[in-house]
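Down below is the structure, laid out as structure tokens.
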């Protein structure tokens, strides 16, 4: 389906619930199932506009739609800053990270007029400098590859040694990452839509979000950081698609006792 920006989805009910929520995937709305606003929608509706909806106050609609993407960027930064504070190796930066987190939280509580005009790109750039330094400290000594922003769409990286790699903003759409070692890799903003993570090890990944995991494919052998959950559709959608040259038993999902993986397509996370 297609619609103009600022127009509500035709599946939106009067009570603001989705009329096809339980059938989104089968109806082709995979992007909706993996999108994550990091709580920005709730902040805008309940704090910025004090519970007033655009239906109750139509005059607020234009500004509310303009404020939301600003708020989403701020809330995404809050998530990354909170994670950076859990990195023991980044302890020398913890004071600066806390200050950045407090300042970002303060910005989220500004009025709609202030938020609409906020130079969020400048603030994001300042915070990103801290996040990059935290990542470097967390990955120090691992000899990870430098692949920031790399075009790896459909790349054959089966079994690749990517431990500690810098994959910030890399395009990994549909990449074959089966059995890859991605421990301690920085995946902030990496596009993992349709990437096959079957059997891959992502423990200790830096700045990997649930939305990125949901947009990828995986199986029971995929190892995720403790803070993230295995997407239900990995088991429900059936085995990850075979690739040219695959042999029976070549994929983790083909081994006895493995559960089938699945696929998911989401919106591309913001590159950094």
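Side notes on the structure shown:
- Unmet criterion (only one of (1) in contact with a strand residue (DSSP E or B) (Cβ under 7 Å, 6 or more places away or on another chain); (2) in the same structural domain as residue 85 (by TED's automatic domain parsing)) for residue 120: (1)
- Residues (under 17 Å from residue 122 (Cα atoms) and either within 18 Å of the chain's Cα centre (by Cα) or surrounded by fewer than 20 Cβ atoms within 10 Å (Cβ to Cβ) (or both)) located in segment 52-92: 69, 70, 71, 72, 73, 74, 75, 76, 77, 78, 80, 81
- Residue match in segment 132-140 (condition: touching a strand residue (DSSP E or B) at 6+ places or on another chain (Cβ under 7 Å), touching a residue at least 12 places away in the same chain (Cβ under 8 Å) and outside any loop (DSSP other than H, G, I, E, B)): yes
- Which listed residue, of 174, 169, is within 26 Å of residue 75 (Cβ to Cβ), at pLDDT 95 or above and surrounded by fewer than 24 Cβ atoms within 10 Å (Cβ to Cβ): 169
- Any hit, segment 192-200, residues being farther than 19 Å from residue 83 by Cβ and surrounded by fewer than 23 Cβ atoms within 10 Å (Cβ to Cβ): yes
- Looking at 215, 185, just one residue is buried (at least 24 other Cβ atoms within 10 Å of the Cβ) and farther than 21 Å from residue 35 by Cα, and that residue is 185.
The values are calculated or read from the model by the stated rules, or taken from the named source; none is laboratory data. A quick note: this is a predicted structure, and the numbers were derived from the prediction, not measured. Glycine also receives a Cβ, built like all others from the backbone with ideal geometry; neighbour counts cover every protein chain displayed.
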